[in-house]
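Q: Have a look at this one before I ask anything.
The values are calculated or read from the model by the stated rules, or taken from the named source; none is laboratory data. Just so you know, these numbers come straight off a predicted model, no measurement behind them. Here the Cβ positions follow ideal geometry from the backbone for every residue, glycine too, while neighbour counts run over all protein chains shown. Accessible surface is based on the protein model in full, side chains and every heavy atom, while ligands, DNA and RNA are left aside. Shrake-Rupley method; radii C 1.70, N 1.55, O 1.52, S 1.80 Å.
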Amino acid sequence: GTIDPERIRRLRPALPEGYEVADVGGYASSPVAFWGLGRGASAEPPQCAALVDPAPDGPAVGISGSGPGGILYVVVVTGPPRPQAGLDSVLLGGCGQWSMAYGSSTADVTLTDAPMIDGAATLGAAATVRARVESGNETDSRADTFLALVDQYVVFVTLVTDPGAVAAPLPPQYASDLLVTTVDT
């Protein structure tokens, strides 16, 4: 069938009840942007950055939902993905755990299980993000990202939660299931 990135807007009802939903696009072509790391974030080892930023310059269309369980970002990026983003076993084997940094923010990243989707290469990553703010304090968050490479598209769902929030966070499985729904849509 034909892939139409604009169909992503049909997923609004799939977000949790009571969530405030908005459109995202343009700069939002990388899950790393939603982790709070800017364009040009460095990774150690460097090749691991391609796993969570596979199409950094592609146009993006998507939606976000914000509520008591966290913030969800559901995005389709028109690729093509970087050549090294093919999720080959050599790259994955060397990137089970890595770190990223941008300015005063850092992220410790661990690969996690991703859903199986016919016709797509998938990846799951969990990041613990620490940002130093002007007063010298640190804010911590967790970002769970699940992405799929489908033809010339990168589809990803990122769930950002605050470990110190009063409300219980949405589980990472919610974002994983939403990736399957998004690719299907």
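Q: Which whole-number percentage describes the relative contact order of the chain, with Cα contacts under 8 Å and a sequence gap of 6 or more?
A: Working: 408 pairs, mean separation 40.2, N = 185.
So the answer I get is 22 percent.
Q: Quickly rank 61-68, 28-35 as a protection proxy: mean count of other C-beta atoms within 10 Å, highest first.
A: Highest-to-lowest ranking by the protection proxy: 28-35, 61-68.
Q: Moving on. Per DSSP H run of at least 4 residues, take -39500 (n - 2.57); add these up for the chain, divide by its residues and hand me the 222 nm value, nearest 500 deg cm²/dmol.
A: So the helix-based figure for the chain works out to -3500 deg cm²/dmol.
Q: Per residue, how much accessible area does the chain show when a 1.4 Å probe rolls over the protein heavy atoms, in square angstrom?
A: Ligands and nucleic acids excluded, the figure is 49 Å² per residue.
Q: So, in Å, what gap is there between the alpha-carbon centers of the range 93-118 and the range 1-77?
A: A separation of 15 Å, based on Cα centres.
Q: Which of (i) 28, 23, 20; (ii) 23, 21, 15; (iii) 30, 20, 14 is the computed semi-axes √(5λ) of the Cα gyration tensor in Å for the structure on display?
A: (ii)
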